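The values are calculated or read from the model by the stated rules, or taken from the named source; none is laboratory data. Bear in mind the structure is a predicted one, so any value in this text is a computation, not a measurement. FYI the Cβ positions are ideal-geometry reconstructions off the backbone, even for glycines, and counts take in every protein chain you see. Ligands, DNA and RNA are excluded from the accessible area calculation, which covers all protein heavy atoms including side chains. Shrake-Rupley method; radii C 1.70, N 1.55, O 1.52, S 1.80 Å.
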Amino acid sequence: MQLEHDLVFGGPAPRRQSIPVDVRWGENVVTVGGGAPVRVQSMTNTDTVDAIGTAIQVKELAQAGSEMVRITVNTPEAAAEVPAIREQLDRMGVDVPLVGDFHYNGHILLNQFPDCAAALSKYRINPGNVGYGAKRDTQYSQMIEAACRYDKPVRIGVNWGSLDQDLLARMMDENAQRPTPWDAKRVMYEALISSAVGSAERAVALGLPANRIILSCKVSDVQDLVAVYTELGRRCDYALHLGLTEAGMGSKGIVASTAALAVLLQRGIGDTIRVSLTPEPGGARTGEVVVAQEILQTMGLRSFTPMVIACPGCGRTTSTVFQELASKIQDYLRAQMPLWRDTYPGVEDMDVAVMGCIVNGPGESKHANIGISLPGSGESPAAPVFIDGEKVKTLRGDRIAEEFQQIVSDYVARRYGRAA
Ligand code: SF4
């Protein structure tokens, strides 16, 4: 039987064709779109005026795997500190491209602070708040001219929360004239898409090449995001930045972002993603990078960090040893990645199984690169370890976690070391 679409059995649809955009700092060129891997990006939540604090957070985000980091550039004081942030990062050997987030006064800041304009690798412009009435066109033009002058790409980032109200009002009026008016949601979708595509066309007319333009149309509802990006992807071939805006905190933010992004990525839509999570109080900002990577890795689109396969546990698991080991190993693997990424190429594809009992433990462990099957209730207190499908050892006693971690570390060096 011919299936209607290979979405059913054949994995993700082919990636949507988009124009590649190079985002650069020094030797580091991050290509977005054009078939390049889907990029992970993030945004700081420090005050940009605090150059050292911001540079430290950018470094943390970059080390976690963010391939571009956005900082807000909201005031003259913030713009004045951008070159210092860049210099500090360069001194620390962090060559991640910095993206400047501009609203309301970007045209002034980019013109009054040329060192800021030059230190950034990309500008984010929100066409909904670059000015009002007659000033809008002039101020938008000034920002695009700055991008042309400094040869920087821009993301034209439309957001439902700051949509161009004149455009929306005009479209509502036009809609009222239709013999059968669209519902309000469809008008909203159309306004978002028109704002993004129209602003991009205007930027091209002002001299910014299409390979310097990335588009986004962010909304906070999953179904709206899927609808808007599916249509936006059909109407243009600019590279697309995906993100569910204001996704929220904790599991709600993670689930909503994953639900929206996964549907679009499965349809081949999206060239770079950001997961807009609200950190828990005191929580690390790098959480959004981890979630973005895990979305891409669990979908089989990219690999970043060895994955731990763990069963959920059940009444057959005797103690918390199993949960503790699974969590410890995942943390250990992630913590090693800044070092391993260069030293052990390919390690990001490794699977490690940590299983709670004999029911699925040995089977799942044999399928992983390394697996351990902990003893369930009623089983003898022994944990067989499997490497590349073969049982190599049985661990016993109260140092199982430490011994297993050592086995993983030895395996990585042996299997992925450059000599290997
Ligand atoms: S592998 Fe064992 S402990 Fe884990 S969920 Fe299955 S039956 Fe329960």
For the range 260-273, check the following and say yes or no: at least one residue is closer than 30 Å to ILE19 by Cβ and modelled with pLDDT under 95.
no
Being out of contact with any Pro (no Cβ under 7 Å at 6 or more places or on another chain), assigned to a strand (DSSP E or B) and modelled with pLDDT of 95 or more, is that true of even one residue in the range 397-411?
no
Any idea how many residues of the range 393-406 are touching a strand residue (DSSP E or B) at 6+ places or on another chain (Cβ under 6 Å) and open to solvent by less than 90 Å² (accessible area, probe 1.4 Å)?
5
Can you find a residue in the range 68-76 that is among the polar types (S, T, N, Q), surrounded by 24 or more Cβ atoms within 10 Å (Cβ to Cβ) and not in a strand (DSSP E or B)?
no
Hits in the range 286-323 (condition: within 12 Å of the ligand (Cβ to nearest atom), β-branched (Val, Ile, Thr) and part of a helix (DSSP H, G or I)):
VAL321
Evaluate the range 339-349: report whether one residue or more is assigned to a helix (DSSP H, G or I), touching a Gly at 6+ places or on another chain (Cβ under 8 Å), open to solvent by less than 70 Å² (accessible area, probe 1.4 Å) and closer than 23 Å to GLN297 by Cβ.
yes
For a quick check of your reading of the model, give me the residue pairs whose first member lies in the range 136-160 and is under 15 Å from ALA119 (Cβ atoms), whose second is assigned to a helix (DSSP H, G or I), with beta-carbon atoms closer than 6 Å and at least 6 apart or on different chains.
ALA146/LEU110; ALA146/ALA117; TYR150/ALA117; TYR150/ALA118; PRO153/ARG212
Could you tell me which of the residues VAL354, VAL347 is within 13 Å of the ligand (Cβ to nearest atom) and either over 30 Å from VAL40 (Cβ atoms) or touching a Ser or Thr at 6+ places or on another chain (Cβ under 9 Å) (or both)?
VAL354
Return the total of residues in the range 356-390 being part of a strand (DSSP E or B) and either closer than 18 Å to CYS311 by Cβ or open to solvent by less than 10 Å² (accessible area, probe 1.4 Å) (or both).
9
Neighbours by Cβ (under 7 Å, 6+ apart or cross-chain): first from the range 315-328, without any contact (Cβ under 8 Å) to a residue 40 or more places away in the chain; second open to solvent by less than 70 Å² (accessible area, probe 1.4 Å):
GLN323/GLY313; ALA326/VAL308; ALA326/ALA310; ALA326/VAL354
Residue identified as of a type in the set (Val, Ile, Thr), within 27 Å of HIS107 (Cβ to Cβ) and either in a helix (DSSP H, G or I) or open to solvent by less than 30 Å² (accessible area, probe 1.4 Å) (or both) among VAL226, VAL187, VAL158:
VAL158
Return the only residue of ALA84, ALA78, ALA117, ALA147 being touching a strand residue (DSSP E or B) at 6+ places or on another chain (Cβ under 6 Å), more than 22 Å from VAL40 (Cβ to Cβ) and either basic (Lys, Arg) or at pLDDT 95 or above (or both).
ALA147
